[in-house]
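> Pasting a structure here, questions to come.
The values are calculated or read from the model by the stated rules, or taken from the named source; none is laboratory data. In this text the structure is predicted, and so the values were computed from the model without any measurement. We place every Cβ from the backbone using ideal geometry, glycine too, and count neighbours over all the protein chains shown.
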Amino acid sequence: MDLTVKPTDVSGAPLPVACTVTVRRNGTIAGTARCPAGAQAAFKSLGAHDVHHIAVEADGFHTGTVTVVTNGDLDELVPCVLRAADCCPDVPRVELLPSDLRRLLETYELEAPSREVRGRDVPTRTLPCACAPDRTIAARDIAGRAVTPLGWATLTLEQRGGLLNLYAKMRSITVGGRSAWSYVERLLRVDQDRIHVEVDSRLACEVRKMLDVFKDADDSLHEPGEGYRRAGSVKSREPRGNLQLSFSVPADGGPMHVDADVDEAAGLGHVTQVLRNWLTGGKTDPFDVHQILVAHQRASTQKMPAIGPYRPGYRLGLRAGPADYRLPAAPPV
């Protein structure tokens, strides 16, 4: 039996860097090959009806793995996920953002007395890119306190990536005949792994009707704002890249708030994610989430037709790589 291995990125495009492909059978190496960028590897005369484990290793990517049973000649795609530390985000300028997101950003102001906006936070439109000089750009008010200006310019690349992930994810889910994002009325806070927003309270009612798409979730790790109390939480049912909405309401009446985030995985995978972040003091990397959503939500979810394809609002490329590497244009959000 012959096996052809086609290394790809998560979008299904040929892997843009050289890689090593290894095929194992029963823990023993059955073959190995070095592939130039964009190439594929062929393995001849493998045993029939055997289980083979394929691994693709490439600089800048996590190892991609696939398990196959060789019942005949096979062509196998092996997708590889970019490592967040090695990727270069290509985020759009504010004037190129969708109008419904841009409108919210125009009224979003983040006050952070100690925050500094560094040159490396500013994106470039060309891939691949090198890190910009680490220069500090600190805005100050008339009292000399450090503040941040209005809107998109206040956000780091990680915050922009996290916001665009959640915008596109919520746009992909239909709730009450409209997108989940359409219920958002105001941006309150943007973090790299979540957003806090003011919403139309009908969102909470509608998602609880969608038992095939959402389930109740634990909201103990989601702290409501001052003067607010928890009002329940739901999570979408996909195995990877699922959306969690944690609601809170004020005790004395007022607009409903939502803490929205995307989990890398459901169930035990999410527990592992939480423990990792707790042990390291870190946060979920938005560029890892981007890759998960691109890989696992490329088409409508058959069991949950209310969840459509994920259309990323930005692209990821390698920070250092071949000069001719360009990611394909991202679909419109």
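> Condition check: under 28 Å from the mean Cα position of the chain (by Cα) and in a loop (DSSP other than H, G, I, E, B). Does Pro7 satisfy that?
On the way: under 28 Å from the mean Cα position of the chain (by Cα): yes; in a loop (DSSP other than H, G, I, E, B): no.
When the stated conditions are applied, Pro7 does not pass them.
> Another one. Got a number for residues in segment 216-245 being out of contact with any His (no Cβ under 6 Å at 6 or more places or on another chain) and on the phi > 0 side of the Ramachandran plot?
Residues meeting the conditions: 2.
> If Ser11 meets every condition in (1) crowded, with 16+ Cβ neighbours inside 10 Å; (2) touching a strand residue (DSSP E or B) at 6+ places or on another chain (Cβ under 6 Å) apart from one, which number is that one?
Checking Ser11 against (1) crowded, with 16+ Cβ neighbours inside 10 Å; (2) touching a strand residue (DSSP E or B) at 6+ places or on another chain (Cβ under 6 Å), the one that fails is (2).
> Which condition from (1) at pLDDT 90 or above; (2) not assigned by TED's automatic domain parsing to the domain that holds Gln159 is the one that Asn26 breaks?
The number of the failed condition is (1).
> Output the number of residues of segment 42-54 satisfying the condition of being part of a strand (DSSP E or B) and surrounded by fewer than 17 Cβ atoms within 10 Å (Cβ to Cβ).
Within segment 42-54, residues that are part of a strand (DSSP E or B) and surrounded by fewer than 17 Cβ atoms within 10 Å (Cβ to Cβ) number 3.
> Something else about it: Do we have His222 as in contact with a Gly (Cβ under 9 Å, 6 or more places away or on another chain) and closer than 27 Å to Gly151 by Cα here?
Considered against the rule, which asks whether it is in contact with a Gly (Cβ under 9 Å, 6 or more places away or on another chain) and closer than 27 Å to Gly151 by Cα, His222 comes out as no.
> Considering only segment 204-259, state which residues are in a strand (DSSP E or B) and loosely packed, with under 13 Cβ neighbours inside 10 Å. Lay out the reasoning, then the answer.
If we filter segment 204-259 for residues that are in a strand (DSSP E or B), which is where we start, we get 214-216, 228-236, 240-250, 256-259.
Correct list: Asp216, Arg229.
> Can you confirm whether segment 236-244 contains a residue that is within 15 Å of Lys169 (Cα to Cα), modelled with pLDDT of 95 or more, touching a Leu at 6+ places or on another chain (Cβ under 7 Å) and assigned by TED's automatic domain parsing to the domain that holds Arg189?
The answer is yes, given that some residue of segment 236-244 is within 15 Å of Lys169 (Cα to Cα), modelled with pLDDT of 95 or more, touching a Leu at 6+ places or on another chain (Cβ under 7 Å) and assigned by TED's automatic domain parsing to the domain that holds Arg189.
> Need pairs with beta-carbon distance below 7 Å; first residue more than 22 Å from Ala295 (Cα to Cα) and within segment 163-183, second part of a helix (DSSP H, G or I); sequence gap 6+ or separate chains.
These pairs meet every condition: Val175/Leu203; Val175/Glu206; Val175/Val207; Gly176/Arg202; Gly176/Glu206; Tyr183/Arg202; Tyr183/Leu203.
> Also, I was wondering about something else. Just the residues that are within 18 Å of the chain's Cα centre (by Cα) and assigned to a helix (DSSP H, G or I), please, taken from segment 166-199.
Within segment 166-199, Leu166, Tyr167, Ala168, Lys169, Met170, Arg171, Ala180, Trp181 qualify.
> Next question. Considering each of Ala48, Ala42, Ala58, Ala30 in turn, give the residue that is small (Gly, Ala, Ser) and under 26 Å from Asp86 (Cα atoms).
Ala58
> Of the numbered conditions (1) over 19 Å from Arg319 (Cβ atoms); (2) without any contact (Cβ under 8 Å) to a residue 60 or more places away in the chain; (3) surrounded by fewer than 16 Cβ atoms within 10 Å (Cβ to Cβ), Gly72 satisfies every one except a single condition; which is it?
(2)
> Within segment 14-41, work out how many residues are part of a strand (DSSP E or B), in contact (Cβ under 8 Å) with a residue 12 or more places away in the chain and exposed (fewer than 13 other Cβ atoms within 10 Å of the Cβ). Break it down into steps so the answer makes sense when it comes.
Initial filter on segment 14-41 (part of a strand (DSSP E or B)): 14, 19-25, 28-35, 41.
Going one step further and asking which of them are in contact (Cβ under 8 Å) with a residue 12 or more places away in the chain, we end up with 14, 19-25, 30-35, 41.
Pick out the ones that are also exposed (fewer than 13 other Cβ atoms within 10 Å of the Cβ) and you get 34.
Selection size over segment 14-41: 1.
> Does His53 qualify as being under 21 Å from Arg298 (Cα atoms) and of a type outside the set (Ser, Thr, Tyr)?
no
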